[in-house]
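Here is the structure we will look at, set down as structure tokens.
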Amino acid sequence: MTETITISAKIPKDVHGELVVRIPEGERSGFIRDAIVEKLQKTPRPDKILELEQRIERIEGDVSLIKSCLADLELLAYERGKVNPRVFCVDKIDRAIIDHLVHYKGATTSELAEALEINRWLVLNRLKRIQRRSERQLGKPVV
């Protein structure tokens, strides 16, 4: 055991009463010491938690950037059918629609229009165009 130091602590009178009743007089100091050590072992260090949170955020950002770049390069194939639906997109609006559908695993035209802040009919026409292009190239619609 390492060198020990003496500390004092104020505890409620009823807790002290329980301590007197349950723990013999010569063992109280050891009991309190063990309780403090046990509690400290269960409590993570705040600086370590903050450091881990920052690392996770940084990693998530990097993965998001990598996925976006791979999708732009058309190298990322989604598990469903191993086809990248972004291949059939013509512009930024099409990509936004496909990204929203993939992220939320589907949506209505009204939900898409509201989320992307564009006209519902524009969303519908874009979806039809993406569907026609995918049918021509794959033989089945992606959307």
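The values are calculated or read from the model by the stated rules, or taken from the named source; none is laboratory data. Model, not experiment: these values are computed from the prediction. Ideal geometry is used to build each Cβ from the backbone, glycine not excepted, and the neighbour counts take in all protein chains shown.
Things worth noting here:
- Members of the stretch 80-96 found to be at pLDDT 85 or above and surrounded by fewer than 11 Cβ atoms within 10 Å (Cβ to Cβ), listed by number: Asp91, Lys92
Listed here are the residues, each with its yes/no results for (1) assigned by TED's automatic domain parsing to the domain that holds Lys67; (2) assigned to a loop (DSSP other than H, G, I, E, B); (3) under 25 Å from the mean Cα position of the chain (by Cα).
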site	(1), (2), (3)
Ile98	no, no, yes
Val102	no, no, yes
Gly106	no, yes, yes
Leu112	no, no, yes
Leu122	no, no, no
Asn125	no, no, no
Lys128	no, no, no
Glu135	no, no, no
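- Qualifying residue in the stretch 31-46 (condition: in a helix (DSSP H, G or I), under 22 Å from Ile7 (Cα atoms), of a type in the set (D, E, K, R) and over 44 Å from the mean Cα position of the chain (by Cα)): no
- Of all residues in the stretch 79-96, those satisfying the criterion of being of a type outside the set (Gly, Ala, Ser) and part of a loop (DSSP other than H, G, I, E, B) are Glu79, Arg80, Lys82, Val83, Asn84, Cys89, Val90, Asp91.
- Lys67 vs. criteria part of a helix (DSSP H, G or I), basic (Lys, Arg), under 30 Å from Val87 (Cβ atoms) and under 33 Å from the mean Cα position of the chain (by Cα): yes
- Taking first residues from the stretch 4-33 that are surrounded by fewer than 10 Cβ atoms within 10 Å (Cβ to Cβ) and partners that are small (Gly, Ala, Ser), no Cβ contact under 7 Å between residues at least 6 apart in sequence or on separate chains turns up.
- Flag for Lys140 being exposed (fewer than 11 other Cβ atoms within 10 Å of the Cβ) and either at pLDDT below 90 or part of a helix (DSSP H, G or I) (or both): yes
- Within the stretch 97-115, the set of residues being under 24 Å from Val87 (Cβ atoms) and either surrounded by fewer than 17 Cβ atoms within 10 Å (Cβ to Cβ) or of a type in the set (Ser, Thr, Tyr) (or both) comprises Asp99, His100, Val102, His103, Tyr104, Lys105, Gly106, Thr108, Thr109, Glu111, Ala115.
- Subset of the stretch 105-132 [hydroxyl-bearing (Ser, Thr, Tyr) and touching a helix residue (DSSP H, G or I) at 6+ places or on another chain (Cβ under 8 Å)]: Thr109, Ser110
- In the stretch 116-127, residue surrounded by the most Cβ atoms within 10 Å (Cβ to Cβ) [restricted to those that are among the hydrophobic types (A, V, I, L, M, F, W, C) and within 19 Å of Pro141 (Cα to Cα)]: Val123
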